[in-house]
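Shown next, in C-alpha cells, is the structure this report addresses.
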Amino acid sequence: MGTRGPGAVAIGRKKAGQQPAESPSAHPWDEPGLTRAERVIRFMESLPVTSGQLAGTRFRLRPFQRRIIGRLYKTGRRGRRVVRTGVLSLARKNGKTDLAARLALCHIAGPEAEERGEVYSAANDRFQAGRTFSEICAIITRTPWLAARVSIRRHSKELEDLEIGGGTGTVYAALSADVGTKHGLSPSFVVYDEYGQATSPDLFNVLDSAMGARAEPLMLVISTQAARDEAPLSQLIDYGLRVERGEVDDPSFYLALFTAPPEADPWDRKTWKLANPALGDFRSLEDVERMALQAQRMPSNAASFRNLILNQRVDTVAQFLSAAVWKPCDGAVDAEHLKGRRCFGGLDLSASRDLTALVLVFEDDDGSYDALPFFWLPEDGLREREDTDRVPYVRWRDEGYLLTCPGKTIDPEIVAARIAELHGEYDIEALAYDRWRIEDLRRKLDAIGSDVPLTPHGQGFKDMSPSIDAMERIVFEAKLRHGGHPLLTWCASNAKTSTDPAGNRKLDKQKSTGRIDGLVALTMALGRAASGISSRSVYESEDRPNGLLTI
C-alpha cells in the first residue's frame, strides 16, 4: 500500500492554467501559539460539509465536539499527547461517522500526520468500514489542496498522502473484522466505528497491540452502546467509568459517554438530550419524536428506542429478567459472613461443552438472600468456546469467576470435591439438582464420604414454575445480592421462559439467547429456600425417586 499501484487514481491534479495547491504555510492551523487541540479544530473546521442542507459550507464543530477534541489532544510534558485510547459513545445520528472521517484526515494529511504514518478506520463488516472511507473521499474531492496530493484507491479502500505532492507518505486503509489477517500493521491512528456491534474484541486487540512502535499512537472508538454487559464495547466503557470514579489511575484512557440514566423518563425531551447532544441541531428532533411515539404505542419497540436513541445498555430482544431489575441486586457478597446462615443450593450439571453451575443461597433475617455462584468448564478448547459463545471465558477464568477442569470434559470428581468442601464450610441444608448425570456425582460424593443432602428438582413446568415465581419475586423486590458476578449476570441476561396452557413457566434453553445454566441453578436454590423445606427431615424410601422427596 506504500506505493502507487496501477489502480490508483490521483484526484484533483493540477491542470494547465490552474493555480498551484496551497502551500502548508497558508493553512490556518499553522498559526503560532495554538495548542495541539486548537490546531486539530482549525484543521477540521477548514474542511467542507459534503452532504445535507449545509453541503458546501465550512464544517463547524459544536461545543460538545470541541470539548471531546480538547480532551483527546490534551498535552502533558514536552507537548506529548496524554490520551492513547479514547471512547466516544452517544446515540445514533449524532455525527459519529463524520467526526471519525475528519479526525482520520487530520492524521493522514493534517496537523497530526507523521512521516510515513499508518491510519486505519476499523469496522465490523465491509459495508460499515466503507462508510468512513466514503466520507473521507468526499471531503478530499471537495478540498483542492487535499485532492492535489492524496491518492485514492477506491477498489481497495486505500489512500496515500503522496510525498511527491508534498505529503508525508502516510497511508490509510479501511479494515473490517471479516477480512483476513491484520498482523504486520503499525498504526499511528485508528478509529473504530460502531464497536458496539462487535461480537469479538479480536480486531481491536490486534490493532491496539500493533501501535507499540509509534511514539504517540491514538485508538479512538466511536459507537452507540452495546446491548449487553459482556460485549467488548461494554468492557471498555465500564473501564472508563472506573477511571472517571478514580478507582483506576489511567490518564491515557478517556471516555466521553452520552447516555440517559435508566431511571429517567424515556419520553421526556430532556432525557433525549442527554444521549443526543446534537438534538435540535443536525440531529432531527422531529425524527426522535416520531420514534418515541412509536415506542410508546408499540412496547416491542421500547427496548430498541432505549438502546439506539437513549444510548442505554438495553438488549433490543426482550429478556425474562431485564438489566433494570437485575442491576439493583448487585450488592457485595462477603463469603466469610455467610457462615451460620441457612444455606440452600442448586446444581445444573453439564455435558462436555456446557457450563456446570452451582449456586448457593444464604437466607438473611430480613428475608433477603446472598448468592454464591461457582462455574466450571473444560480447559481444553476454552478459547474456541469464547468464539462460539462470544464471552470472555479466559478473562473470567483468570479473574477467578470461572473454574476449569483439565481435559475436554467436566470431571465429576472435581465438582464433588468442591461441593463437599462447601458443605463442610456452610452446612448445606438441601442441594437441588437436575437429574442429568447426577449418578456419577453421587458416586463421587459417596466415595469421599460427603453427606450433602441431595434433592431432585424437575426441569419441567410442574417443578420449575413455583421456583421461577419465587426467584422472580425475590429479584423484583431486590432481595437478592449476587455481587455482580459476570457469569451469573450473563446467564440471567440470556434467559427466556416457556409457558404451558395453564400459565406455568419453565426456563427454556432452546429459546434463550445464550447459556442459562447459572440462572437455572439459582432458580432451583431459591425455590428450595423459599419453600422452607429442608432435606434434613426427608428419609430414604424406596418409593421416592433417588431416595428423596421431589417438590
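The values are calculated or read from the model by the stated rules, or taken from the named source; none is laboratory data. Because the structure is predicted, anything quoted here is derived from the model rather than measured. Positions of Cβ are generated from backbone atoms using ideal geometry, with glycine treated the same way; all protein chains shown enter the neighbour counts.
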Tally, over the range 170-215, of residues that are part of a loop (DSSP other than H, G, I, E, B) and either under 26 Å from the mean Cα position of the chain (by Cα) or surrounded by 16 or more Cβ atoms within 10 Å (Cβ to Cβ) (or both): 18
When you go through ILE152, ILE164, ILE222, ILE237 one by one, which is the residue that is β-branched (Val, Ile, Thr) and either touching a Phe, Trp or Tyr at 6+ places or on another chain (Cβ under 6 Å) or loosely packed, with under 15 Cβ neighbours inside 10 Å (or both)? ILE164
Testing ILE222 on (1) at pLDDT 90 or above; (2) more than 16 Å from SER89 (Cα to Cα), one condition comes back false. Which one is that? (2)
Out of the range 121-163, which residues are closer than 27 Å to THR57 by Cα and in a strand (DSSP E or B)? SER121, VAL150, SER151, ILE152, ARG153, GLU158, LEU159, GLU160, ASP161
Say whether the condition of being modelled with pLDDT under 95 and over 29 Å from the mean Cα position of the chain (by Cα) is met by at least one residue in the range 79-97. yes
Name the single residue that is nearest to LEU488 (Cα to Cα) among those in the range 388-447 being assigned to a helix (DSSP H, G or I) and among the β-branched types (Val, Ile, Thr). VAL394
Of all residues in the range 372-401 being crowded, with 17+ Cβ neighbours inside 10 Å and hydrophobic (A, V, I, L, M, F, W, C), which is farthest from ILE419 (Cα to Cα)? VAL391
Quick one: is VAL475 touching a strand residue (DSSP E or B) at 6+ places or on another chain (Cβ under 7 Å), in a helix (DSSP H, G or I) and touching a residue at least 60 places away in the same chain (Cβ under 8 Å)? no
Taking first residues from the range 29-41 that are within 17 Å of ALA109 (Cα to Cα) and second residues anywhere that are modelled with pLDDT of 95 or more and aromatic (Phe, Trp, Tyr), the pairs with Cβ under 6 Å that are 6 or more apart or on different chains are TRP29/PHE43; ARG36/TYR73; ALA37/TYR73; VAL40/TYR73
Answer from THR271, THR224 - the residue that is under 13 Å from ASN307 (Cβ atoms) and touching a residue at least 24 places away in the same chain (Cβ under 8 Å): THR224
Does the range 454-474 contain any residue that is over 19 Å from ARG528 (Cβ atoms), in the same structural domain as SER512 (by TED's automatic domain parsing) and either buried (at least 21 other Cβ atoms within 10 Å of the Cβ) or over 25 Å from the mean Cα position of the chain (by Cα) (or both)? no
Filter the range 19-48 down to residues that are out of contact with any Phe, Trp or Tyr (no Cβ under 7 Å at 6 or more places or on another chain) and of a type in the set (A, V, I, L, M, F, W, C) and give me whichever is modelled with the highest pLDDT. ILE41
Going by the structure shown, is GLY196 within 28 Å of VAL83 (Cα to Cα) and either in contact with a helix residue (DSSP H, G or I) (Cβ under 8 Å, 6 or more places away or on another chain) or touching a residue at least 12 places away in the same chain (Cβ under 8 Å) (or both)? yes
Consider the range 97-134. How many of its residues are touching a Ser or Thr at 6+ places or on another chain (Cβ under 8 Å) and within 20 Å of ARG42 (Cβ to Cβ)? 10
